[in-house]
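Below you'll find the structure, written out as structure tokens, and then a few comments.
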Amino acid sequence: MTSNAPATPALPADLEDAIARLKQERDAVVLAHYYQEDEIQDLADHVGDSLDLARVAQRVDKAVIAFCGVHFMAETAKILNPSRRVVVPDLAAGCSLADGCPADAFAGFLEVQRKQHPDLVVVSYVNTSAAVKALSDVICTSSNAVQIVRHFADRPIVFAPDRYLGAWVAKEAERPDLIIWPGSCIVHEQFNAKALAQLRVRHPDAEVLSHPECPPAVLEQSHFVGSTKKIIARAIESPAKTLVIGTEDGVFHQIRRSVPDKTLIQIPGMDESCACNRCPYMRLNTLEKLYLCLRDLRPEVTVPEDVRVRALRPLERMLELSS
Ligand code: SF4
């Protein structure tokens, strides 16, 4: 049987080697988030959380940034360093938080809030589109959200788009009046508080580390709540031999590299039969797609210049406030 479909060019047998060569030829740097597959983390030039990667992207002096993460992260790199070409392995790698806060609906929400609070400050999580960032006064990540909210102690604040992170920040910063957009992360919202309570009975000496995007019933049972990077650091320095972890399981790779003897247990999800603790968007990226995006320099992430300019200021403000 014959087919009219165009033949797919064969991929090189040694993808790691081919990617290393392409990086040289394209004058490219590979940035990877902690939630990427182990093999992508291992060959990246920089691995980090959203804040680290934004800082690194701003300073990149290579021609091309190959961003292995999700779309809003690549957009952030483009906003901060517009003369670089930003390519991604898979353009469909989005984010439920960013998708759950469309710019037009958010603009309408802010208009209503401003009628009641003319001196409103809009603090948006980095997990938002460039268009939502452009509507914001300052961006935050889970690493610096409490610090940034505290900075505006005397002003009414809208916090978007994660309801659980917002509730945690409100508590930590003692700002119960925070006006919170009701979004959530499909990975973190599914960690199961009841299953965690059972795990704590079975492992009484374990330390529980959770990301603030988890529901309050999970956070209340956690010994440590922090960003991805802070969870990794705490897991490494903790005296506990068993760690129960409530975040995407990509972090396990970095923890195991440093403390291979510790026992790592993931908090079970609501549906224990699925791998819901793996971000389906992050996991769209593969080594094969990274090779192809470096070879073809696409798909490319672009941001309209007027949006980029408006989104740049709140991002720069975040970097200033968290330096
Ligand atoms: S883990 Fe959640 S917040 Fe992070 S990219 Fe995936 S869907 Fe978005």
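The values are calculated or read from the model by the stated rules, or taken from the named source; none is laboratory data. Quantities reported herein were computed from a predicted structural model and do not represent experimental measurements. Virtual Cβ from ideal backbone geometry, glycine too; neighbours counted across all protein chains shown.
From Asp17, Asp49, which residue is surrounded by 20 or more Cβ atoms within 10 Å (Cβ to Cβ), among the acidic types (Asp, Glu) and either over 23 Å from Phe252 (Cβ atoms) or within 16 Å of the ligand (Cβ to nearest atom) (or both)? Outline the logic, then answer.
Values: Asp17 fails: surrounded by 20 or more Cβ atoms within 10 Å (Cβ to Cβ).
Going through Asp17, Asp49 in turn, just one is surrounded by 20 or more Cβ atoms within 10 Å (Cβ to Cβ), among the acidic types (Asp, Glu) and either over 23 Å from Phe252 (Cβ atoms) or within 16 Å of the ligand (Cβ to nearest atom) (or both): Asp49.
Just to be sure, is Asp271 without any contact (Cβ under 8 Å) to a residue 40 or more places away in the chain, more than 25 Å from Leu51 (Cβ to Cβ) and not assigned by TED's automatic domain parsing to the domain that holds Ser50?
Working: without any contact (Cβ under 8 Å) to a residue 40 or more places away in the chain: no; more than 25 Å from Leu51 (Cβ to Cβ): yes; not assigned by TED's automatic domain parsing to the domain that holds Ser50: yes.
In short, no.
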Residue that is farthest from Thr286 (Cα to Cα), among those in region 87-108 that are away from the ligand (no atom under 14 Å from the Cβ) and surrounded by fewer than 17 Cβ atoms within 10 Å (Cβ to Cβ): Gly108
- prompt: Looking at (1) crowded, with 21+ Cβ neighbours inside 10 Å; (2) modelled with pLDDT of 95 or more; (3) under 28 Å from Ser136 (Cα atoms), which is the one condition that is false for Ala28?
  reply: (3)
field: Residues of region 115-171 satisfying the condition of being crowded, with 24+ Cβ neighbours inside 10 Å and either touching a His at 6+ places or on another chain (Cβ under 7 Å) or not assigned by TED's automatic domain parsing to the domain that holds Arg313 (or both)
entry: Ser142
message: Which of the numbered conditions does Pro314 fail, given that it passes all the others? Conditions: (1) part of a loop (DSSP other than H, G, I, E, B); (2) of a type outside the set (A, V, I, L, M, F, W, C); (3) surrounded by 18 or more Cβ atoms within 10 Å (Cβ to Cβ).
response: (1)
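I'd like to verify a number: residues in region 276-311 that are in a loop (DSSP other than H, G, I, E, B) and more than 30 Å from Pro12 (Cα to Cα), how many? Steps first, answer last, please.
Pass one, region 276-311, residues in a loop (DSSP other than H, G, I, E, B): 276-281, 285-286, 297-299, 301-304.
Within this subset, residues satisfying the condition of being more than 30 Å from Pro12 (Cα to Cα) are 276-277, 303-304.
The number of residues fulfilling the criteria is 4.
Any residue in region 22-39 that is assigned to a helix (DSSP H, G or I) and of a type in the set (Gly, Ala, Ser)?
First, the residues of region 22-39 that are assigned to a helix (DSSP H, G or I): 22-26, 38-39.
Now restrict to residues that are of a type in the set (Gly, Ala, Ser): none.
So far as region 22-39 goes, no, none of its residues is assigned to a helix (DSSP H, G or I) and of a type in the set (Gly, Ala, Ser).
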task: Scan Leu199, Leu209 and give me the residue that is under 24 Å from Tyr281 (Cα atoms) and not assigned by TED's automatic domain parsing to the domain that holds Arg114.
output: Leu209
message: Give all pairs with beta carbons closer than 7 Å in which a residue from region 156-180 that is within 16 Å of Leu219 (Cβ to Cβ) and β-branched (Val, Ile, Thr) meets a residue that is within 16 Å of the ligand (Cβ to nearest atom) and part of a helix (DSSP H, G or I); count only pairs at least 6 apart in sequence or on separate chains.
response: Val169/Ala145; Ile180/Arg163; Ile180/Gly166; Ile180/Ala167
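Being in contact with a Leu (Cβ under 7 Å, 6 or more places away or on another chain), touching a residue at least 40 places away in the same chain (Cβ under 8 Å) and either farther than 22 Å from Pro299 by Cα or among the aliphatic types (A, V, I, L, M) (or both): is that true of Val56 here? First the steps, then the outcome.
Values: in contact with a Leu (Cβ under 7 Å, 6 or more places away or on another chain): yes; touching a residue at least 40 places away in the same chain (Cβ under 8 Å): no; either farther than 22 Å from Pro299 by Cα or among the aliphatic types (A, V, I, L, M) (or both): yes.
The answer is no for Val56.
Return the only residue of Gly246, Gly250 being within 25 Å of Ile40 (Cβ to Cβ), within 14 Å of the ligand (Cβ to nearest atom), surrounded by 19 or more Cβ atoms within 10 Å (Cβ to Cβ) and at pLDDT below 95.
On the way: Gly246 fails: at pLDDT below 95.
From the options Gly246, Gly250, the qualifying one is Gly250.
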